[in-house]
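Notes for the one structure printed next.
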Amino acid sequence: MADIMERFDRLREQAHMGGGIKRIEAQHKRGKLTARERLEVLLDQDSFEEMDTFVEHRCTDFGMQDQKHPGDGVVIGHGTIFGRPVMVYSQDFTVFGGSLSETHAQKICKIMDMGVKNGIPVIGINDSGGARIQEGVASLAGYTEVFQRNVLASGVVPQISAIMGPCAGGSVYSPALTDFIFMVQDNAFMFLTGPDVVRQVTHEEVTFEELGGASTHASRSGVTDFACDGDIELLTQLRRLYAFLPLNNRDPLPVYPTGDPVHRLEESLNHVVPDDPNKPYNMREIVEKVVDNGDFMEIQERFAKNILVGFARMEGSTIGVVANQPMVLAGCLDIDASIKAARFVRFCDCFSIPVVSFVDVPGFLPGSDQEHRGIIKHGAKLLFAYAEATVPKITIITRKAYGGAYCVMASKHLRGDLNYAWPNAEIAVMGSKGAAEIIFRKEIGRAEDRDAALQEKTDLYAETFANPFIAARRGYLDDVIRPFRTRIRIAQGLQLLKNKKLDNPWKKHANMPL
Ligand code: HXC
């Protein structure tokens, strides 16, 4: 027995040392934690239970039979975050650069299968050079098994990816199939092919950071949802996100005690929107003043800043917030904003998270750049997402809701459950000046003083349409509300809609405009 225990301890120690002390030191020197250290930060203290510690690869090519490390470059298991269960894997860069072998893939698949079977989310920490080159097609097969599971798990359990090192090839496709991606600033990269291959094929000189660093993916490509300063910050933010999410698509939303009274009236909301309709203001301020304790976790903060999306709580329960941001592009919807918000609305709908939309939108962004890049199809994604969503939908128009963007932003006609507007709201086909120029063109053209005539007709149009009461008279708005009562009205609405039941017609799946 003593012998067996000794062997067991030796193997365990070997597994814990990964690729050896030198490589661990190299990892630390780069400011990176090891795979196991990361799990310690991510999970509640002492909650981690490891699985498949002793799995080894089966490759015999290129002398691999003499290079075995128990665990084979990935640590898997389960633990808890704020007391709620989670399945995890964490790739170990010190073992063959965290590359994915056949057995490494089987380990990841094992915890994904357990996650789906038991309704437990899956978090993957990625730090991997991609397919294990020595294993050839066996490695490609392994990746594909992971991808298949990512797809089948989508909409069943939340899947979250942390990118915490150089991730190439296959190791970026699995994260791309998951719901949220976190990246470490300066120490993590995502690309299909690295700078060397890019140089060989296209003769383009590009650095790791420019090609696939966290800044690039957070602000230009929109591939990552979060860019964090260092491993600890990333794992702390990941815990924060996790606390907002249900465990699966049948699990009730987590509810946390909140010290923020639901009846809190926020007088300052009456003064956020400027009198001049062309002056910007910060929509984030409105969101923070309405939700519990001002706690709004924004997603894709640096991408398509003309729309805000993220999680918050009302009466301690999670809501998804979508809000036009008048400070950027006057809050217009463009291609990036439409895709960003559409994906978020669909996530909320998968997991029964009510969507609260704050609307101040002068329309879709005009111009040949947007048209040629397909704003028609991309804008339709957001329309599609709101229209198919069956979760509770509450909409507050804080100022403008013009044209197609009025229709799209969770309007009554897209099955908005409760649609409110502030008294200063303008709901119309377009801005008053543009409208006057079109419908009174001849009259203005004939006038002696064209500027005065345009102003007169603009005022007439504004008086007629630039208010919320025409929509309210038709029942397109359920009420015109005072800004300072927005919090209580939303909270009451969410209570009312708690047991909402709405099903779309049976279908295999819809065909959204991708
Ligand atoms: C086997 C690998 C490996 C890989 C790295 N290593 N990538 N071993 N397969 N894919 C090993 C190295 O040999 C080295 O071993 C150790 O990991 C650390 O690698 P370094 O190169 O020393 O580290 P660094 O300088 O930080 O560079 C990291 C890196 C680079 C950027 C990830 O290693 C790299 O470019 N690797 C190859 C990436 C790639 O092309 N992968 C295949 C993608 S194709 P030692 O023993 O020295 O410590 C793919 C297909 C799937 O994934 C597609 C599905 C759709």
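Rule-of-thumb check for the stretch 1-128: C-alpha Rg over 2.2 N^0.38 Å?
On the way: Rg = 14.8 Å, N = 128, 2.2 N^0.38 = 13.9 Å.
Rounded to two decimals, the normalised Rg is 1.07.
Quick one: if the Förster radius is 35 Å, what FRET efficiency do GLN200 and ASP295 give, using the C-beta to C-beta distance and rounding to 0.05?
0.15
Checking the table LYS32/LYS340; LYS305/LYS393; LYS110/LYS500 against a 27 Å threshold on Cα-Cα, which pairs fail?
Pairs exceeding the cut-off: LYS32/LYS340; LYS110/LYS500.
Go through LYS381/LYS457; LYS377/LYS400; LYS279/LYS457; LYS22/LYS68; LYS117/LYS498; LYS29/LYS107 and tell me which ones have a Cα-Cα distance over 25 Å in this structure.
Values: LYS381/LYS457 35 Å; LYS377/LYS400 23 Å; LYS279/LYS457 22 Å; LYS22/LYS68 16 Å; LYS117/LYS498 27 Å; LYS29/LYS107 28 Å.
Listed pairs above 25 Å: LYS381/LYS457; LYS117/LYS498; LYS29/LYS107.
Just the Cα atoms of the stretch 298-347: what Rg and Dmax do they give in Å?
11.0, 34
Under a 5 Å amide H to amide H cut-off, with H placed in plane at 1.01 Å, what residues pair with THR395 once short-range neighbours are removed?
For THR395, the qualifying residues are SER357, LEU418, ASN419, TYR420.
Residues with amide H under 5 Å of ARG58's amide H, sequence separation 5 or more or different chain, H placed in the peptide plane at 1.01 Å from N; which?
HN-HN under 5 Å from ARG58: THR103.
Tell me the mean residue ellipticity at 222 nm calculated for the chain from its helices only (DSSP H runs of n ≥ 4, each -39500 (n - 2.57), averaged over every residue, nearest 500). Could you put the intermediate results ahead of the total?
Details: 19 runs with 196 residues, N = 514.
Calculated at 222 nm, the ellipticity per residue is -11500 deg cm²/dmol.
Stokes-Einstein D for the stretch 73-115 at 10 °C, 1.306 mPa s, Kirkwood Rh over Cα pairs, in µm²/s?
On the way: Rh = 10.9 Å.
Translational D for this selection: 146 µm²/s.
Multiply the residue separation of PHE62 and ARG441 by 0.36 nm, subtract the distance between their alpha-carbon atoms, and state the gained length in nm to one decimal.
Length difference between fully extended and current span is 128.6 nm.
As a test, work out the antiparallel percent of DSSP beta bridges whose residues both lie in the chain, rounded to the nearest 5. Could the numbers behind the result be given before it?
On the way: 24 of 64 bridges.
The answer is about 40 percent antiparallel.
Spelling out what I want: for every residue of the stretch 179-185, take phi, set θ = phi - 60°, compute 6.51 cos²θ - 1.76 cosθ + 1.60 (Karplus), and round to whole Hz; glycine and proline get x.
Couplings: 7, 9, 10, 10, 10, 8, 4 Hz.
How big is the gap, in Å, between the Cα center of the stretch 120-189 and the Cα center of the stretch 429-508?
45
Hey, fewest Cβ within 10 Å first, where do THR486, THR395, THR236 land in order?
On the way: THR486 22, THR395 26, THR236 13.
Least to most surrounded, the residues fall as THR236, THR486, THR395.
Could you tell me which of rounded, prolate or oblate describes the stretch 201-318, using a ≥ b ≥ c as the square roots of the eigenvalues of the alpha-carbon gyration tensor, with rounded for a/c under 1.5 and, failing that, prolate when a/b is larger than b/c and oblate otherwise? Provide the component values of the computation, followed by the final result.
Working: a/c = 2.91, a/b = 1.41, b/c = 2.07.
Oblate.
Each residue of the stretch 456-463 in turn: what ³J(HN,Hα) in whole Hz from Karplus with 6.51, -1.76, 1.60 and θ = phi - 60°, glycine and Pro shown as x?
Result, ordered by residue: 4, 6, 4, 4, 4, 5, 4, 4 Hz.
Averaging sequence separations of C-alpha pairs under 8 Å and six or more residues apart, then dividing by the length of the stretch 297-376, give the relative contact order as a whole percent.
Details: 128 pairs, mean separation 24.0, N = 80.
It rounds to 30 percent for the stretch 297-376.
Checking the a/c ratio against 1.5 first, then a/b against b/c, what shape does the Cα gyration tensor give for the stretch 360-422? Intermediate values should be presented prior to the final figure.
Values: a/c = 3.67, a/b = 1.51, b/c = 2.44.
Here the stretch 360-422 falls in the oblate category.
Can you list residues whose amide H is under 5 Å from VAL74's amide H, if they're 5+ apart or on another chain and H is modeled 1.01 Å from N?
Residues meeting the amide H criterion: ASP92.
Show me, bin by bin at 10 Å from 0, the whole-percent P(r) of the stretch 391-480 based on Cα pairs.
With a bin width of 10 Å, the distribution comes to 18, 42, 23, 13, 3, 0.
For HIS16 and HIS372, FRET efficiency with R0 = 56 Å and r from the beta-carbon atoms, rounded to 0.05?
Details: r = 55 Å, r/R0 = 0.98.
The value I calculate is 0.50.
Rank these for me by crowding, LYS507, LYS498, going from fewest to most other beta carbons within 10 Å.
LYS507, LYS498
So how do GLU298, GLU285 line up by other beta-carbon neighbours within 10 Å, fewest first?
Numbers: GLU298 18, GLU285 13.
Going from sparsest to densest Cβ surroundings: GLU285, GLU298.
Tell me, what ³J(HN,Hα) does each residue in the stretch 372-387 have, in order and in whole Hz, if you take phi through Karplus 6.51 cos²θ - 1.76 cosθ + 1.60 with θ = phi - 60° and put x for Gly and Pro?
5, 8, x, 4, 4, 6, 6, x, 5, 4, 5, 4, 4, 4, 5, 5
Per the Kirkwood formula on distinct C-alpha pairs, the Rh of the chain is how many angstrom?
Working: mean 1/r = 0.0400 Å⁻¹.
Taking every pair of different Cα atoms in the chain, averaging 1/r and inverting gives 25.0 Å.
Between the stretch 276-339 and the stretch 241-272, what's the alpha-carbon centroid distance in Å?
15
Below 8 Å between Cα atoms, with a sequence gap of 6+, how large is the relative contact order for the chain in percent? Intermediate values should be presented prior to the final figure.
Details: 1050 pairs, mean separation 45.2, N = 514.
Taking the mean separation of contacting Cα pairs over the length of the chain, I get 9 percent.
Computed from the coordinates by the stated procedures, all read-outs in this text should not be read as laboratory data. All values reported here derive from a predicted model rather than from experimental measurement. With ideal geometry, Cβ positions are generated from the backbone for all residues, glycine too; neighbour counts draw on all protein chains shown.
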